[in-house]
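The values are calculated or read from the model by the stated rules, or taken from the named source; none is laboratory data. Bear in mind the structure is a predicted one, so any value in this text is a computation, not a measurement. Note: ideal-geometry Cβ built from the backbone for every residue, glycine included; neighbour counts use all protein chains shown.
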Amino acid sequence: MNAHHFIKKIEDQKFSFLIGFLTFFAIILCRNILESVFEGTQILGFSPINSHSFYMIFVHFPLFYISIFLWILFVFMSLTRENWIKVSKTLLMGMAVIIVTPIIDIIVSKGSGYTLTYLKGFEEFTEIHKFFDFTRDLIQASWGQRIEILLILIGGFTYVLIKTKNYLKSVIALILIYLVIFLHGVLPNTIAKIPSYFGAHTLSFKTIITNGILAIDSQNYAVIFSLSIILIGFFILRKGKKELTKKIFNFRFSGLVILSLCLGIIYGILLISPYYTFIFYNPISYLIFLLALLTCFIVNAAALSNRASVDLHILTVAGILFAVVLGPVFLIFITIFFLIKKLSHLKWLALIPCFCAGFALIFQEAVFKTIIPIDKKAIEIKGRKLAGWCYFLNTDYEQAMDEYTGTYSLCRDDEILKRIGQCHLNLGDLNKGIELLEEIPEPDYETILSLGQAYTQKGKHTRTIEVYEKAIKRNVEPAEFFIKIAQIASREGLEKEMSQALEKSLLYGNSKYKIFQIKGDFYLGKGDKKKALKMYTKALHYNSRAVKALAGLGLIYHQQGNIKSAEEQFLKALNIEPNNDALYNNLGALYFITKEYEKAEQLFKKSIKKNPNQTEAFYNLGLIYEKKGRIEHALAMYHKALKVNPSYAPAQRRIEGIKK
Amino acid sequence: MILYSIIPIIVTIISAVVMEKKEPGIVKNWTSGSRPFIALHYLFPTYFGIFLGTHMFQSPINYLDAFFLICAIFFSFQTSVVTNDINDIKADRISEKTSLLNSKSSAIKHIQELGVCFFLISLLFAFVLGYRILLIVLLGHILHFTYSSPPFRLKRFFPVSIFMLALGALLAAIAGYALFEPSKPFLSFPVKASLLITIPLFLGLNFRDLADYSGDKKTKVATLFTLCGLNTGRYINAFAILLSYILIPLIVQMPLFFIAAIPLGLTSFYFCLKQPFQENYIFYIYFVLIGLLAIIFNINPGLIIPK
């Protein structure tokens, strides 16, 4: 069977739009679930169970792939001048390669689970050539991702070549497909960086992407991909189904609907703006409003379509997907709007849910309490909570604490208490933070993690283990907490306890590289460099991006006096985890030894900026100041180290030394 | 949990009542055409997964959870039966095979609705058990959907089709195991247990296609029998089943079990070649094997549980 015949066979298959869509959605879900199953740093379902995970698997990633699918479809349609239905059938079969990725990655990691990283911004465009350099590992993409993209490119090139027999067009297709994939990888982060490109640094990148009015980063990513889908969908329909685009953007039928949605949004903004002003600074907020408007157009057109027509299917699928992105409450109101339009004779009634949908964009789940502004308290709670979260993400913990404390006086909620506690911890007040977090009767994963870290910083390892053991008993991420217990036991030199915890964590499917990393740390702590080196090498055998193993190797080389190799390992590790405060501290310590004090000082400062509760970094910075003769500054740093960990003996000794 | 548990049960009852009202007798037709033996073949791995979980994590079985999981897997399998019947309607008619669609007077539309009900009920049962069990059950649905339905319709491609069925059974076992291991059940599921499920099923499940031979041939579905011819296919199938029985003692590393595996394998071999072919006897022997394995594993769980 030749390639032409093969493609023709695919094109001739008969199945409905809904079956085609379900198949594509099924492939994407399969890929997502497998990815979350095999990813070394995560657990089945990607993250500890919360709405993030749901949006990642069912909304954000599917929209990412649907958008890529449609853009490639458009490229193929434009280059081959083929009918869109035929092209989409072939493309659907081709997109099945996305299932291969997690399977390749699990094989490459020798069954141990791999670490996924994603492209970060448009600036990485210059590193494009590295993507195809298969002789080396690439931090920005796993082997599975690289092979998947390579297969899609080969498939795209071959398809256009078979259809057109024109090499130039095939090469153009290749380049365009690569650009489509690359831009999809970097687009959300690039959009989030727009204010910083214009010199505005009021809001951090993380705050923008996570604290839109939708509050979940995954939803914000989904908004961007939804708009991309609408944009390309519009072009495809202009080529294949022109009458449908006219139906969607018919202002005669949708003018009032759009007006009521806008009124709802404006009303919501007016109510919330006294408490939460960041809404205007965030570029994603505007994209959310735009998506809401377009969703309204689509749902309105769906309501006007004939029953059982393909148009209705396309519009309904699109409407549901985009409405889910905008939140469950928006989805409920837009469904009511659709049903009234479709079933009731009193069409004007549909304007009410439309108004409510606009309002729901701002107030989400609190909409029923706030839509009639009798309950001013509810509006203030929602607004201040949002503002608090925004400050929190922006690492402005004092402001965040003000907002959260104000909210807590209005509403005694464990979630708010958790954030206040975390603010205290981040501001270095460990005792108060711990006290507040301990008050939470049923702590969630995040609370347990914060509490454990706080106790560790205070040097109360037994209490940390107790906290983690409690979590395990409640079945809260046992795999994760067994590893943490093993880490503490390793640090404390408790071999038996460490082995037991590691054994249990293996039972829960933890990655082997993590086990070897911890064993390496244990032997390093015991001074057995030979065994430590062996363990770290084993960890890197399973995962070349095992940061702790790289850092461990760095420490060994450092102790052996091989400063150059040590520096190399730390830099490698920092390349993988640029936010790891301990790595900056370690590298700084290395420069301290080589008497490069300026470099070391910068790194210690960076380490403290990343984590203000870093005892060692404060202490090391104190040492630098002492070397430079800035005794007052040095004393301040030692005191800061002691504030974080009052039992930190080296800092006490230095203070006593200076006083003498 | 108890409160939520009522929801899928209520939905199941309502669905049955509504469907019965739409087409009287549809539930009865479904019960008679629901392929109970094959359903059991999916439920055994689930029990096996639960058995592994309870022994490995030394945690008692929560019988309500186990019941809900079995319901989720059972209805997931029923969804796959409906999807398969709808897509195989032509082939089943040619093979004169009894299915929900061609032997009774049920309308396709109603059968489709029944399939949607099964799908939702299975997801509801899974959801009550938690988000991660839901994901595993959903993965099972995806597997069956791509197996039966166009555009992929992987059942057309031998041996991928058989491998997918074996994978479906493995997934059912992992679902049972995941009741006890909520973190990474796929990575921590014992390798020996995976092999014990997939290899024998991969070798032994071909006989299911024998009854569909004429339909598969007409609709160009590649099976062992359409590819090798009916007679050669029969012999290969019989030898494959015998091999699947012989491999079991090797996988569990228990040579003593050859005493049971060889006679059972030879009996299956005989029934595979006996004319007229009767599928049920193969299942009966399979159930005897499962019973024996259940007794052995209960006496000595160390045979299958990693130390």
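For the range B:154-178, give me each residue that is within 11 Å of chain A (Cβ to nearest Cβ), surrounded by 20 or more Cβ atoms within 10 Å (Cβ to Cβ) and farther than 24 Å from B:Ile248 by Cβ.
Hit for the range B:154-178 is B:Ala178, nothing else.
I'd like to verify a number: residues in the range B:203-226 that are assigned to a loop (DSSP other than H, G, I, E, B) and among the acidic types (Asp, Glu), how many? Full working, then the answer.
Step one: of the range B:203-226, the residues assigned to a loop (DSSP other than H, G, I, E, B) are B:210-212, B:219-223.
Applying the additional criterion that residues be among the acidic types (Asp, Glu) yields B:212.
Total meeting the criteria: 1.
Report whether or not A:Glu39 is more than 7 Å from chain B (Cβ to nearest Cβ), closer than 19 Å to B:Gly140 by Cα, buried (at least 21 other Cβ atoms within 10 Å of the Cβ) and within 35 Å of the chain's Cα centre (by Cα). Can you show your working first?
Numbers: more than 7 Å from chain B (Cβ to nearest Cβ): yes; closer than 19 Å to B:Gly140 by Cα: no; buried (at least 21 other Cβ atoms within 10 Å of the Cβ): yes; within 35 Å of the chain's Cα centre (by Cα): yes.
The answer is no for A:Glu39.
With the condition kept exactly as written, say whether any residue in the range B:130-145 is touching a Lys or Arg at 6+ places or on another chain (Cβ under 9 Å), touching a residue at least 24 places away in the same chain (Cβ under 8 Å), part of a loop (DSSP other than H, G, I, E, B) and surrounded by fewer than 24 Cβ atoms within 10 Å (Cβ to Cβ).
Filtering the range B:130-145 down to residues touching a Lys or Arg at 6+ places or on another chain (Cβ under 9 Å) leaves none.
Checking the range B:130-145: not a single residue is touching a Lys or Arg at 6+ places or on another chain (Cβ under 9 Å), touching a residue at least 24 places away in the same chain (Cβ under 8 Å), part of a loop (DSSP other than H, G, I, E, B) and surrounded by fewer than 24 Cβ atoms within 10 Å (Cβ to Cβ).
Of all the residues that make up the range A:454-494, how many are charged (D, E, K, R), in contact (Cβ under 8 Å) with a residue 12 or more places away in the chain, within 14 Å of chain B (Cβ to nearest Cβ) and part of a helix (DSSP H, G or I)?
2
Any idea which residue in the range B:141-153 is nearest to the chain's Cα centre (by Cα), counting only those that are more than 20 Å from B:Ala178 (Cα to Cα) and within 7 Å of chain A (Cβ to nearest Cβ)?
The qualifying residue nearest to the chain's Cα centre (by Cα) is B:Phe145.
State whether one or more residues within the range A:172-179 are assigned to a loop (DSSP other than H, G, I, E, B), buried (at least 16 other Cβ atoms within 10 Å of the Cβ) and not assigned by TED's automatic domain parsing to the domain that holds A:Leu326. Please lay out each step first, then the result.
Step one: list which residues in the range A:172-179 are assigned to a loop (DSSP other than H, G, I, E, B), which gives none.
No, every residue in the range A:172-179 fails to be assigned to a loop (DSSP other than H, G, I, E, B), buried (at least 16 other Cβ atoms within 10 Å of the Cβ) and not assigned by TED's automatic domain parsing to the domain that holds A:Leu326.
Looking at A:Ile33, is it within 26 Å of the chain's Cα centre (by Cα) and either facing chain B (nearest Cβ under 9 Å) or modelled with pLDDT under 90 (or both)? Quick ask: steps written out before the conclusion?
Working: within 26 Å of the chain's Cα centre (by Cα): yes; either facing chain B (nearest Cβ under 9 Å) or modelled with pLDDT under 90 (or both): yes.
In short, yes.
Considering each of A:Ala566, A:Ala589 in turn, give the residue that is under 21 Å from A:Gly622 (Cα atoms) and either touching a helix residue (DSSP H, G or I) at 6+ places or on another chain (Cβ under 6 Å) or assigned to a helix (DSSP H, G or I) (or both).
On the way: A:Ala566 fails: under 21 Å from A:Gly622 (Cα atoms).
Result: A:Ala589 is the single residue among A:Ala566, A:Ala589 that is under 21 Å from A:Gly622 (Cα atoms) and either touching a helix residue (DSSP H, G or I) at 6+ places or on another chain (Cβ under 6 Å) or assigned to a helix (DSSP H, G or I) (or both).
Return yes when A:Leu533 is in a helix (DSSP H, G or I), at pLDDT 90 or above and over 30 Å from A:Gln422 (Cβ atoms) and no when it is not. Please lay out each step first, then the result.
On the way: in a helix (DSSP H, G or I): yes; at pLDDT 90 or above: yes; over 30 Å from A:Gln422 (Cβ atoms): yes.
For A:Leu533, the condition - in a helix (DSSP H, G or I), at pLDDT 90 or above and over 30 Å from A:Gln422 (Cβ atoms) - is met.
Which of the residues that make up the range B:44-78 are under 23 Å from B:Ile111 (Cα atoms) and either surrounded by fewer than 21 Cβ atoms within 10 Å (Cβ to Cβ) or under 12 Å from the mean Cα position of the chain (by Cα) (or both)?
First, the residues of the range B:44-78 that are under 23 Å from B:Ile111 (Cα atoms): B:70-78.
Correct list: B:Ile70, B:Cys71, B:Ile73, B:Phe74, B:Phe75, B:Ser76, B:Phe77, B:Gln78.
Among (1) of a type in the set (A, V, I, L, M, F, W, C); (2) modelled with pLDDT of 90 or more; (3) farther than 30 Å from A:Lys473 by Cβ, where does B:Ala91 come up short?
The single condition B:Ala91 does not satisfy is (2).
Within the range A:194-236, take every residue that is in contact with an Asp or Glu (Cβ under 9 Å, 6 or more places away or on another chain) and assigned to a helix (DSSP H, G or I) and give me the one that is surrounded by the fewest Cβ atoms within 10 Å (Cβ to Cβ). Reasoning before the result, please.
Of all residues in the range A:194-236, those in contact with an Asp or Glu (Cβ under 9 Å, 6 or more places away or on another chain) come to A:206, A:209-211.
Okay, now just the ones that are also assigned to a helix (DSSP H, G or I), so A:206, A:209-210.
Values: A:Lys206: 13, A:Ile209: 21, A:Thr210: 22.
Among those that are in contact with an Asp or Glu (Cβ under 9 Å, 6 or more places away or on another chain) and assigned to a helix (DSSP H, G or I), it is A:Lys206.
Go through the range B:272-291 and give me each residue that's assigned to a helix (DSSP H, G or I), within 21 Å of the chain's Cα centre (by Cα) and more than 18 Å from B:Leu195 (Cβ to Cβ).
Narrowing the range B:272-291 to residues assigned to a helix (DSSP H, G or I): B:272-273, B:279-291.
Retained after the next criterion (residues that are within 21 Å of the chain's Cα centre (by Cα)): B:272, B:279-291.
Hits for the range B:272-291 are B:Cys272, B:Glu279, B:Asn280, B:Tyr281, B:Ile282, B:Phe283, B:Tyr284, B:Ile285, B:Phe287, B:Val288, B:Gly291.
Looking at A:Lys14, is it modelled with pLDDT of 90 or more, within 14 Å of chain B (Cβ to nearest Cβ) and under 30 Å from A:Thr164 (Cα atoms)? Break it down into steps so the answer makes sense when it comes.
Numbers: modelled with pLDDT of 90 or more: no; within 14 Å of chain B (Cβ to nearest Cβ): yes; under 30 Å from A:Thr164 (Cα atoms): yes.
In short, no.
Can you find even one residue in the range A:286-302 that is out of contact with any His (no Cβ under 7 Å at 6 or more places or on another chain), assigned by TED's automatic domain parsing to the domain that holds A:Phe392, surrounded by fewer than 19 Cβ atoms within 10 Å (Cβ to Cβ) and outside any helix (DSSP H, G or I)?
No, there is no match, as no residue in the range A:286-302 is out of contact with any His (no Cβ under 7 Å at 6 or more places or on another chain), assigned by TED's automatic domain parsing to the domain that holds A:Phe392, surrounded by fewer than 19 Cβ atoms within 10 Å (Cβ to Cβ) and outside any helix (DSSP H, G or I).
Taking helices (runs of 4 or more DSSP H) that fall entirely within the range B:1-97, which contain at least 3 residues that are of a type in the set (D, E, K, R)? Give the steps one after another, and end with the answer.
Details: elements: B:2-22, B:26-32, B:36-56, B:63-87, B:89-95.
Because the criterion is at least 3 residues that are of a type in the set (D, E, K, R), the helices (runs of 4 or more DSSP H) in the range B:1-97 that meet it are B:2-22, B:89-95.
Could you tell me whether the range A:626-637 includes any residue that is of a type outside the set (A, V, I, L, M), more than 19 Å from A:Gln422 (Cα to Cα) and buried (at least 21 other Cβ atoms within 10 Å of the Cβ)? Can you show your working first?
As a first pass, look at the range A:626-637 and keep what is of a type outside the set (A, V, I, L, M): A:626-630, A:632-633.
The next check asks that each one be more than 19 Å from A:Gln422 (Cα to Cα); those that pass are A:626-630, A:632-633.
So of that shortlist, the ones also buried (at least 21 other Cβ atoms within 10 Å of the Cβ) come out as none.
Looking through the range A:626-637, none of the residues is of a type outside the set (A, V, I, L, M), more than 19 Å from A:Gln422 (Cα to Cα) and buried (at least 21 other Cβ atoms within 10 Å of the Cβ).
Run B:Ser183 past the list (1) more than 14 Å from every other protein chain (Cβ to nearest Cβ); (2) touching a strand residue (DSSP E or B) at 6+ places or on another chain (Cβ under 8 Å) and report the number of the one that doesn't hold.
The one condition B:Ser183 does not meet is (1).
Which residue, of A:Leu506, A:Leu502, A:Leu451, is away from chain B (no Cβ under 14 Å), assigned to a helix (DSSP H, G or I) and either buried (at least 17 other Cβ atoms within 10 Å of the Cβ) or among the polar types (S, T, N, Q) (or both)? Spell out the reasoning first.
On the way: A:Leu506 fails: away from chain B (no Cβ under 14 Å); A:Leu502 fails: away from chain B (no Cβ under 14 Å).
Exactly one residue qualifies, and that residue is A:Leu451.
Kindly check whether there is at least one residue in the range B:107-117 that is part of a helix (DSSP H, G or I) and within 18 Å of the chain's Cα centre (by Cα).
Looking for residues that are part of a helix (DSSP H, G or I) and within 18 Å of the chain's Cα centre (by Cα), one finds at least one in the range B:107-117, hence yes.
I'm trying to understand the selection: among the residues of the range A:265-284, which are in contact with a helix residue (DSSP H, G or I) (Cβ under 9 Å, 6 or more places away or on another chain) and assigned to a helix (DSSP H, G or I)?
A:Ile265, A:Ile266, A:Tyr267, A:Gly268, A:Ile269, A:Leu271, A:Ile272, A:Phe278, A:Ile279, A:Phe280, A:Pro283, A:Ile284
Considering A:Glu380, A:Glu365, A:Glu398, A:Glu403, which residue is assigned to a helix (DSSP H, G or I), of a type in the set (Asp, Glu), closer than 30 Å to A:Asn300 by Cβ and in contact (Cβ under 8 Å) with a residue 12 or more places away in the chain?
Details: A:Glu380 fails: closer than 30 Å to A:Asn300 by Cβ; A:Glu398 fails: closer than 30 Å to A:Asn300 by Cβ; A:Glu403 fails: closer than 30 Å to A:Asn300 by Cβ.
The unique qualifying residue is A:Glu365.
What about B:Gly115, is it surrounded by fewer than 22 Cβ atoms within 10 Å (Cβ to Cβ) and modelled with pLDDT under 90?
Values: surrounded by fewer than 22 Cβ atoms within 10 Å (Cβ to Cβ): yes; modelled with pLDDT under 90: no.
Answer is no for this residue.
Based on this model, can you work out whether B:Pro249 counts as assigned to a helix (DSSP H, G or I) and surrounded by 14 or more Cβ atoms within 10 Å (Cβ to Cβ)?
Working: assigned to a helix (DSSP H, G or I): yes; surrounded by 14 or more Cβ atoms within 10 Å (Cβ to Cβ): yes.
It is true that B:Pro249 is assigned to a helix (DSSP H, G or I) and surrounded by 14 or more Cβ atoms within 10 Å (Cβ to Cβ).
Out of everything in the range B:124-140 that is facing chain A (nearest Cβ under 8 Å) and within 14 Å of A:Phe54 (Cβ to Cβ), what residue ends up being modelled with the highest pLDDT?
Here the residue is B:Leu138.
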